[in-house]
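What follows is a single structure, written as structure tokens, with notes after it.
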Ligand code: AP5
Ligand code: MG
Ligand code: ZN
């Protein structure tokens, strides 16, 4: 199944995406995660995009589209894929349509996680991420067993540089202006499923699981 997960920053896309990916046996393709990995490695690409992520601006479409094209062409997408954080603009969505068409494929499902803006701020400022494996925690909602240490791999937890109050509010603005209009683009195709993101992480996943089972039938 070819799935796209959407929702504002902090809605829980990454949290749910890792569960969906293992449930469906498909790769989780997150442009945000890929960009952070490039920055960590201080690659040429990483140096070019760091200031965009730090200020919450979108990385230019040309750069983003090429990164996605390469990921989608990997062999592990044969059974399907789960996109998280891409597309984020109408031109990106059109580019994705083109790439998928060349591959003889299309999107089957868009999951939109709905969460109130007030809740988003608290989710992002409390988020902690594992240095080593990328697992996501929250200081209140989803704390690790030992403070600052990843339950899964023992790695050290850190706070994303774009999870400050100021950058978060920029990211929410950018989402409203540039990404929210995309929903209508997909709604017109009748492939959007809305999910209530203001429930426990397990309950959000249960709702998503039902949607996936319905589509897979
Ligand atoms: P990206 O990494 O995609 O960030 P984002 O869209 O802002 O979303 P987040 O990762 O912040 O939130 P999430 O929805 O994944 O939430 P999470 O599951 O972690 O992008 C970062 C930057 O990269 C962009 O600003 C841009 O610069 C660049 N970029 C990326 N893609 C791009 C593109 N296509 N084009 C151009 N630029 C691009 O959850 C958040 C927190 O809440 C966690 O602490 C979690 O534990 C907690 N939580 C999750 N679910 C629940 C729940 N149900 N109840 C309580 N707490 C919960
Ligand atoms: Mg994420
Ligand atoms: Zn870890």
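Derivation of every value follows stated rules applied to the coordinates shown; laboratory data play no part. Just so it is clear, the model here is predicted, and its values are computed rather than measured. Neighbour counts run over all protein chains shown; Cβ positions are idealised from the backbone, glycine included.
General observations
- Single unsatisfied condition, residue 157 versus (1) out of contact with any strand residue (DSSP E or B) (no Cβ under 7 Å at 6 or more places or on another chain); (2) within 16 Å of ligand 3 (Cβ to nearest atom): (1)
- Count of residues meeting criterion [touching a helix residue (DSSP H, G or I) at 6+ places or on another chain (Cβ under 7 Å) and either farther than 15 Å from residue 6 by Cβ or free of Cβ contacts under 8 Å to residues at least 40 places away in the same chain (or both)] in region 198-211: 4
- Index of the failed condition, residue 67 passing every other in (1) within 24 Å of residue 104 (Cβ to Cβ); (2) touching a residue at least 40 places away in the same chain (Cβ under 8 Å); (3) more than 13 Å from ligand 2 (Cβ to nearest atom): (2)
- Residues satisfying the stated conditions in region 101-121, i.e. under 23 Å from residue 201 (Cβ atoms) and part of a helix (DSSP H, G or I): 117, 118, 119, 120, 121
- Which listed residue, of 108, 97, is under 20 Å from the mean Cα position of the chain (by Cα), without any contact (Cβ under 8 Å) to a residue 60 or more places away in the chain, more than 12 Å from ligand 3 (Cβ to nearest atom) and loosely packed, with under 15 Cβ neighbours inside 10 Å: 97
- Taken over region 50-100, the residue count meeting the criterion of being assigned to a helix (DSSP H, G or I) and in contact with a strand residue (DSSP E or B) (Cβ under 6 Å, 6 or more places away or on another chain) is 1.
- Members of region 7-41 that are in contact with a helix residue (DSSP H, G or I) (Cβ under 9 Å, 6 or more places away or on another chain) and either more than 9 Å from ligand 1 (Cβ to nearest atom) or over 25 Å from residue 176 (Cα atoms) (or both): 19, 20, 23, 24, 26, 27, 28, 29, 37, 38, 39, 40
- Filtered residues of region 22-40 (kept if in contact (Cβ under 8 Å) with a residue 40 or more places away in the chain and either within 12 Å of the chain's Cα centre (by Cα) or closer than 16 Å to residue 130 by Cα (or both)): 28, 29, 30, 31, 32, 33, 36
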